[in-house]
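Here the structure comes first, spelled out in structure tokens, and everything after it is commentary.
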Amino acid sequence: MKKWLIPLVIIGVIIFVLGSWYVNTNNTLVDMKGQATKQWANVESSYQRRSDLIGNLVKTVQGAADFERGTLTDVIEARAKATSTTIDINNLTPEALGQFQQAQSGLSSALSRLLVTVERYPDLKANQNFLELQSQLEGTENRINVERNRFNDLAGEYNIKIEKIPTNIIANLAGFDALALFKSDARSENAPEVDFNFD
């Protein structure tokens with residue numbers, strides 16, 4: 001074998017190894033981000049279900065005679081704000097997620113006030129449609145929490161992966177940015193508890 005061929009073979013092997021490493025690492029990051037993106041869609045779907053249930057709950061409550069209109073208005077406005085605050089998964093920054101969480105927290109707070117107010121309306125508390133919506137809403141709130149936690153798990157693993165050496169080299173070259181995670185509200189330790197049981 002000619003002497004000049006040996007360095008070419010060595011260079012070729014090095015290029016092949018580096019190329020394979022780049023492709024494998026890039027594909028792993030694409031897969032991890034894709035799983036987090038898919039889970040984000042589940043989070044949004046759960047929030048949408050809550051919004052739909054709240055719309056039905058509001059319609060049921062509106063039928064009650066002399067129900068406090070201010071409370072209903074607060075829920076309707078908070079629901080409109082929460083549904084208009086959306087996030088593009090490719091722009092999932094801490095700031096954008098904070099605005100999203102703030103809008104959702106506002107809706108939760110307005111809903112809590114509505115459910116407390118219902119306590120003063122025995123006919124409404126006995127309404128089968130209202131009771132069923134309450135039950136579905138409670139299940140949806142639990143689902144939201146589960147979906148958010150799953151998203152945090154997947155996004156957290158992805159965030160760790162793109163920070164590790166040497167993967168961070170490819171992450172920077174290919175433009176893989178960290179995903180923001182859900183965090184508890186600063187006031188969460190003082191948040192009012194929603195009680196769906198009106199005994």
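The values are calculated or read from the model by the stated rules, or taken from the named source; none is laboratory data. Predicted, not measured: the structure shown is a model, and the values here were computed from it. Quick reminder, even Gly has a Cβ in these numbers, built from the backbone with ideal geometry, and neighbours come from all protein chains shown.
Numerical summary
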read-out	value
Residue within the range 57-79 that is aromatic (Phe, Trp, Tyr) and within 30 Å of Leu115 (Cα to Cα) present	yes
Cβ pairs under 6 Å, 6+ apart, first in the range 11-35 and charged (D, E, K, R), second assigned to a helix (DSSP H, G or I) and surrounded by 10 or more Cβ atoms within 10 Å (Cβ to Cβ)	Lys33/Tyr158
From Arg120, Arg143, residue being under 30 Å from Gly70 (Cβ atoms) and assigned to a loop (DSSP other than H, G, I, E, B)	Arg120
Residue list for the range 59-84, filter: assigned to a helix (DSSP H, G or I), touching a residue at least 24 places away in the same chain (Cβ under 8 Å) and not charged (D, E, K, R)	Thr60, Val61, Thr71, Leu72, Val75, Ala78, Ala82, Thr83
Single residue of Leu92, Leu97 found to be crowded, with 20+ Cβ neighbours inside 10 Å, on the phi < 0 side of the Ramachandran plot and either out of contact with any helix residue (DSSP H, G or I) (no Cβ under 6 Å at 6 or more places or on another chain) or not acidic (Asp, Glu) (or both)	Leu92
The range 19-55, subset among the basic types (Lys, Arg) and closer than 24 Å to Leu111 by Cβ, residue surrounded by the most Cβ atoms within 10 Å (Cβ to Cβ)	Arg50
Which numbered condition Val146 fails, given (1) closer than 25 Å to Thr83 by Cβ; (2) loosely packed, with under 14 Cβ neighbours inside 10 Å; (3) at pLDDT below 90; (4) among the hydrophobic types (A, V, I, L, M, F, W, C)	(3)
Qualifying residue in the range 33-48 (condition: assigned to a helix (DSSP H, G or I), over 30 Å from Gln101 (Cα atoms) and not hydrophobic (A, V, I, L, M, F, W, C))	no
Candidate set from the range 56-90 (those that are more than 13 Å from Leu111 (Cβ to Cβ) and of a type in the set (Asp, Glu)); member that is modelled with the lowest pLDDT	Asp66
